[in-house]
Amino acid sequence: GMVRKPANFISSISDDRGEELQYCGVSISEVFSQSVGVGGVVSLLWFRRQLPPACCKFIEMVLMVTADHGPAVSGAHNTIVTARAGKDLVSALCSGLLTIGPRFGGALDDAAKMFAEAHDSGVSPKDFVDQCKKQNKLIMGVGHRIKSLANPDQRVEIIKQYAKKCFKDNSILDFALGVEQITTKKRANLILNVDGCIAVCFTDMLRSCGAFSREEAEDLMSFGCLNGLFVLGRSLGFIGHHLDQLRLKQPLYRHPWDDITYISQLA
Ligand code: ACO
Ligand code: LMR
């Protein structure tokens with residue numbers, strides 16, 4: 001019989017061969033006739049599921065709250081400097097994206113892991129904070145440069161309230177809020193930050209929405225999908241900053257000497 005050449009490539013999320021493009025088996029016409037929205041498209045292409053409307057709405061809310069946080073943050077700053085160096089949109093965007101990591105915008109997956117593992121182990125929030133301190137480990141998803149108890153982050157409030165209202169289970173969120181009570185006693189800016197809040201609410205959602213087995217939910221978390229949400233959301237802002245610099249015809253940026261402390265000397 002015929003021997004089929006083994007394929008070099010395997011893909012399970014989309015197919016453009018037929019009459020109509022499909023996102024995970026759902027035709028592009030259905031994507032529109034069912035009004036699944038951007039959240040529904042993310043759910044098809046990232047999670048290979050048609051998640052319930054409350055989950056799709058949550059994904060969209062995450063993209064909206066992470067879209068931008070002003071020109072002063074690391075990523076927007078890089079994007080702006082790159083745009084002002086005359087580079088194209090993709091370069092400016094990539095330059096911004098490259099700053100996303102453990103200190104800025106890329107703490108979601110590690111936050112989810114730390115809080116979920118601690119919650120599941122049965123440790124108390126206080127003992128968890130003490131353990132991290134002893135091991136000299138920062139708690140991912142906690143701390144902010146400008147937001148604090150006195151200057152709360154409305155993005156966190158919005159995400160928290162939605163999760164409380166719409167998800168069946170909030171146990172990881174509640175655990176993280178217990179941790180926040182302890183850390184903010186030490187310093188008022190050691191709040192559950194936007195990365196941390198999204199991470200714990202998303203974990204509660206994945207575990208309780210009924211669309212994933214526990215193992216599938218754990219797998220997804222280990223792939224880094226949560227940082228992907230911040231990357232996707234903040235790309236909206238970075239592209240905005242690039243276009244803004246062009247609109248404002250900003251020249252090449254050079255950092256002022258008086259804002260640099262020069263300490264060079266022979267070691
Ligand atoms: N867990 C425990 N302790 C912390 C944490 C944390 N996450 N963050 C700061 N601290 C402590 C430090 O150990 C330090 O303590 P000390 O005074 O006893 O030495 C003190 O708070 C000040 O630390 P800094 O590093 O100066 O705090 P800064 O305000 O500069 O850092 C940052 C802010 C980078 C967000 C930090 O809190 C952090 O790394 N958090 C964890 C990573 C994270 O969640 N990043 C995402 C931020 S949100 C976003 O980018 C959209
Ligand atoms: C952000 O969303 O970029 C911020 O929370 C980080 C910051 O320092 O404002």
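The values are calculated or read from the model by the stated rules, or taken from the named source; none is laboratory data. All values derive from a computational prediction rather than experimental measurement. All Cβ positions, even for glycine, are placed from backbone atoms using ideal geometry, and neighbour counts span all protein chains on display. Keep in mind that these areas ignore ligands, DNA and RNA; they rest on the heavy atoms of the full protein, side chains included. Shrake-Rupley method; radii C 1.70, N 1.55, O 1.52, S 1.80 Å.
Spatially, segment 185-232 and segment 60-114 are offset by 18 Å when compared through their Cα centroids.
The accessible surface of segment 145-201, taken with every protein chain in place and a 1.4 Å probe, is 52 percent carbon and sulfur.
Here the label points at Lys133 and Ser35, each 7 Å from Cα along the C-beta direction, are separated by 5.2 nm in the simple model. Among the trypsin sites (Lys or Arg not before Pro) in segment 1-67, those located in a DSSP loop and surrounded by at most 12 other Cβ atoms within 10 Å of their own Cβ are Arg4, Arg17. Qualifying trypsin sites (Lys or Arg not before Pro) in segment 80-158, where qualification requires a DSSP coil assignment and no more than 16 other C-beta atoms within 10 Å, comprise Lys87, Arg103, Lys137, Arg145. First check a/c for segment 139-187, with a ≥ b ≥ c the square roots of the eigenvalues of its C-alpha gyration tensor; if it is under 1.5, answer rounded, and if not, answer prolate when a/b is larger than b/c or oblate otherwise. The shape class here is oblate. Simple rule: put +1 on each Lys or Arg Cβ and -1 on each Asp or Glu Cβ in segment 181-233, find the dipole, and look at Ala211, Ala188, Leu229; the Cα lying farthest toward the positive end is Ala188. Taking a label point 7 Å from the Cα of Gln250 along the Cα→Cβ vector, which residues of segment 46-72 have an amide N closer than 12 Å to it? The answer is 70-72. Relative contact order, whole percent, for segment 89-231 stands at 36, derived from Cα pairs under 8 Å and 6 or more residues apart.
Taking every C-alpha pair closer than 8 Å and separated by at least 6 residues, the mean separation divided by the residue count of the chain gives a relative contact order of 25 percent. Accessible area per residue (1.4 Å probe, heavy atoms of protein chains only) ranks Trp46, Trp257 as Trp257, Trp46, with the largest value leading. Rolling a 1.4 Å probe over the protein heavy atoms gives the chain an accessible area of 59 Å² per residue.
The spread of Cα positions in segment 95-134, taken along each principal axis and listed from longest to shortest, comes to 41, 20, 10 Å. Computed from point charges on the beta carbon alone (+1 for Lys and Arg, -1 for Asp and Glu), the dipole magnitude for segment 131-267 about its Cα centre is near 420 Debye.
Using the Cα gyration tensor of the chain, with a ≥ b ≥ c the square roots of its eigenvalues, what is the shape: rounded (a/c below 1.5), prolate (a/b larger than b/c) or oblate (neither)? Verdict is oblate for the chain. Between Ser264 and Lys87, the simple spin-label model (points 7 angstrom out along Cα→Cβ) gives 2.3 nm.
Excluding residues fewer than 8 places away in the same chain, name every one of the lysines whose C-alpha is closer than 26 Å to that of Lys137. Straight-distance partners of Lys137: Lys113, Lys126, Lys147, Lys160, Lys185, Lys186. When Tyr253, Tyr162 are compared by accessible area at a 1.4 angstrom probe, the order from most to least is Tyr253, Tyr162. Once you order the gyration tensor axes a ≥ b ≥ c over the Cα atoms, which shape class does segment 1-160 get: rounded for a/c under 1.5, otherwise prolate or oblate by comparing a/b with b/c? It is prolate, given that a/c is not under 1.5 and a/b is the larger ratio. Could you give the longest part of the chain that holds none of the GluC sites (Glu not before Pro) found in DSSP loops with at most 16 neighbouring Cβ atoms within 10 Å? My reading of the result: 21-267 is the longest stretch. Available extension along the chain between Ile13 and Arg214 is 70.2 nm, counting 0.36 nm per residue and deducting the alpha carbon span. Ordering Thr261, Cys201, Val142 by Cα displacement along the dipole of segment 107-262 toward the positive end leaves Thr261 in first place; charges were set at the Cβ atoms of Lys, Arg (+1) and Asp, Glu (-1). Qualifying chymotrypsin sites (Phe, Trp or Tyr not before Pro) in segment 7-45, where qualification requires a DSSP coil assignment and no more than 12 other C-beta atoms within 10 Å, comprise Phe9. Helices of the chain meeting both criteria, an alpha-carbon length of 30 angstrom or more along the long axis and an average Kyte-Doolittle score not below -1.0, with helices taken as full DSSP H segments, are 225-247.
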